[in-house]
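This report refers to the structure that appears directly beneath it.
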Amino acid sequence: QLATPADLLGEPADAFVAGFVGRDRGYRALGFRPVTGLPTREEQTVRLNASFAGTDNADGWLLVVDDQNAPQGWLRADEVAPGSPVTEQLVHRGGTLATDGGSLRAVLDACLSSPTGRGVVVDADGRLVGSITASEVLALIEGRSGEPALIEGRSGEPAR
């Protein structure tokens, strides 16, 4: 089959091609589906080396950012006393970052690899845009987001 990677993964011509490209082709195909304007939410942050003032987040996690508002990792509120500095040793580095305009696979991976279950989305300069959950990404994939089409289809046209 002669086709683009997205078409090979999304629409294999026959059983041989389907077997050749593998069982996880649906997940890998997400790497070829760019998404922009993600419906992110604002995340409560704390600056690295700043004094910890506490949190009212239900799950007790805060996103640690540097002076340029670039995410550095997560802080568990129960691991630091109010008034203490937020040091490198307190930062949980788990989780990847997704870039707004990047692939759905990167966004979903950011959610799944995060200790909080919230994927962190950054702009092209690495500054915080917001967060999104895996269930919200799945809603986008399945077209249940209630948002206008954010995902481009294989032809480059917006997906419906």
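Summary table
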item: Of all residues in the range 71-107 being within 17 Å of GLY119 (Cβ to Cβ) and touching an Asp or Glu at 6+ places or on another chain (Cβ under 8 Å), the one that is surrounded by the most Cβ atoms within 10 Å (Cβ to Cβ); result: ALA98
item: Residue in the range 13-32 that is acidic (Asp, Glu) and surrounded by 13 or more Cβ atoms within 10 Å (Cβ to Cβ) present; result: no
item: Single residue of ILE132, ILE141 found to be in contact with a Cys (Cβ under 8 Å, 6 or more places away or on another chain) and surrounded by 15 or more Cβ atoms within 10 Å (Cβ to Cβ); result: ILE132
item: Residues within the range 30-67 that are at pLDDT 90 or above, over 17 Å from SER131 (Cα atoms) and part of a loop (DSSP other than H, G, I, E, B), tallied; result: 5
item: Number of the condition not met by SER131 [criteria: (1) modelled with pLDDT of 95 or more; (2) over 15 Å from PRO39 (Cα atoms)]; result: (2)
item: Selection count, the range 42-63, where residues are among the aromatic types (Phe, Trp, Tyr) and either within 20 Å of VAL122 (Cβ to Cβ) or surrounded by fewer than 13 Cβ atoms within 10 Å (Cβ to Cβ) (or both); result: 1
item: Count of the range 108-129 residues which are crowded, with 17+ Cβ neighbours inside 10 Å and either closer than 20 Å to ASP66 by Cα or free of Cβ contacts under 8 Å to residues at least 12 places away in the same chain (or both); result: 10
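The values are calculated or read from the model by the stated rules, or taken from the named source; none is laboratory data. A quick note: this is a predicted structure, and the numbers were derived from the prediction, not measured. Here Cβ is always computed from backbone atoms with ideal geometry, including for glycine, and neighbour counts include all displayed protein chains.
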